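First up is the structure itself, then whatever we jot down about it.
The values are calculated or read from the model by the stated rules, or taken from the named source; none is laboratory data. Here the structure is a predicted model, which means the values were calculated and not measured. No Cβ is skipped: glycine too gets one built from the backbone with ideal geometry, and neighbour counts run over all protein chains shown.
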Ligand SMILES: NC(=O)c1ccc[n+]([C@@H]2O[C@H](COP(=O)([O-])OP(=O)(O)OC[C@H]3O[C@@H](n4cnc5c(N)ncnc54)[C@H](O)[C@@H]3O)[C@@H](O)[C@H]2O)c1
């Protein structure tokens, strides 16, 4: 092993965990250790990636002096405990989304990050999805003018996606926080921090789950931009994040699984006619974890700033929690953003 390679541990050996391990290897860092409480995936990935250190208890890794960083890909409720343990031991951390399930937990994690001086990045992977990256670049370049209305959806069927030991089936793990955070984070990334949300929810698909399965929410974004998010964890269709960005000069329609994005641009000087929609080719890479790990390691090496800071991850959780609250109280809710 090359001496300047970072030693990284990945905690959690699911399909997502495996993508993170592959990302570490693709970046040229050292997959130093892996961990899972379940024997079978642990052994399988130990063999597949030829990792010498594979443990069932993450605490065995925390104080290893050679370890530089940990990537946490475990059920949401474990994020705080594991992140804190690694940060306090002097390791940098990439933690999967959602950062945690409440704003208070996120604030605690941010304080630990500040106290330890280590780096904490949150895995909001939609910021690496090629179609969304392309849409944001066009919006930032003014291609569709000023934003008017932004919308995104997280449409998923969780019937068979209950997680190991059914961890997703949890009254504290609302679909808006657990999965809808992708759509909410995408809109925050594109349009800034909304100030207020008004949401409605129902519960008609996953009747054996303890949470509403479908939510619709309207947001007030800065600069008088309006937004809408639809979250379903019980819809009968393939996973999609169809998103539309309407501007004063054009419109972009995109999602996370299509090989093109659609751009409508106004014809210069003629407000009555519009160009035909252009289909712009884009790489399909819904879980672009390789790009996420690439950015994390580059940030640890001082080449770039952390692309998704703990404040960003925490702010997305804040919007998610306010959305759930609004649907519960049937009132608009002002969003309380995290404070350090
Ligand atoms: N970025 C994305 O698009 C995306 C997609 C799926 C999941 N996730 C996130 O990744 C995390 C894991 O989700 P998943 O789909 O991989 O779940 P999963 O249930 O498929 O896998 C979780 C793994 O963690 C292991 N585990 C549980 N407790 C553990 C512990 N104490 N120590 C070590 N390992 C433990 C389980 O045995 C299991 O192998 C969640 O936070 C989820 O929100 C993100």
Matching residues in the stretch 14-44 (in contact with a strand residue (DSSP E or B) (Cβ under 6 Å, 6 or more places away or on another chain) and within 23 Å of residue 79 (Cβ to Cβ)) number 10
Evaluation of residue 24 against (1) within 11 Å of the ligand (Cβ to nearest atom); (2) outside any strand (DSSP E or B) (one fails), failing number: (1)
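State all residues of the stretch 116-130 that are more than 14 Å from the ligand (Cβ to nearest atom), surrounded by fewer than 24 Cβ atoms within 10 Å (Cβ to Cβ) and in contact (Cβ under 8 Å) with a residue 24 or more places away in the chain; if no residue qualifies, say none. Explain how you work it out, then say what you get.
Just the residues of the stretch 116-130 that are more than 14 Å from the ligand (Cβ to nearest atom), to begin with: 116-120, 130.
Those still in the list that are surrounded by fewer than 24 Cβ atoms within 10 Å (Cβ to Cβ) too: 116-119, 130.
The answer is 116, 118, 119, 130.
Which ones in the stretch 27-42 are part of a helix (DSSP H, G or I) and either more than 12 Å from the ligand (Cβ to nearest atom) or not assigned by TED's automatic domain parsing to the domain that holds residue 98 (or both)?
Within the stretch 27-42, the first condition is being part of a helix (DSSP H, G or I), and the residues that meet it are 27, 39-42.
Matches in the stretch 27-42: 27 only.
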Can you name the number of the only condition in (1) more than 24 Å from the chain's Cα centre (by Cα); (2) modelled with pLDDT of 95 or more; (3) more than 15 Å from the ligand (Cβ to nearest atom) that residue 8 fails? (1)
Do we have residue 253 as at pLDDT 95 or above and touching a helix residue (DSSP H, G or I) at 6+ places or on another chain (Cβ under 6 Å) here? no
Can you tell me how many residues within the stretch 141-176 are under 16 Å from residue 320 (Cα atoms) and either in a helix (DSSP H, G or I) or in contact with a strand residue (DSSP E or B) (Cβ under 7 Å, 6 or more places away or on another chain) (or both)? 7
Of all the residues that make up the stretch 160-194, how many are surrounded by 15 or more Cβ atoms within 10 Å (Cβ to Cβ), away from the ligand (no atom under 14 Å from the Cβ) and more than 17 Å from the chain's Cα centre (by Cα)? 1
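Does the stretch 131-149 contain any residue that is away from the ligand (no atom under 16 Å from the Cβ) and under 19 Å from residue 231 (Cβ atoms)?
Narrowing the stretch 131-149 to residues away from the ligand (no atom under 16 Å from the Cβ): 134-149.
Subset that is under 19 Å from residue 231 (Cβ atoms): 149.
Yes.
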Regarding the stretch 298-319, can at least one residue be identified that is in contact with a strand residue (DSSP E or B) (Cβ under 6 Å, 6 or more places away or on another chain) and not in a helix (DSSP H, G or I)? yes
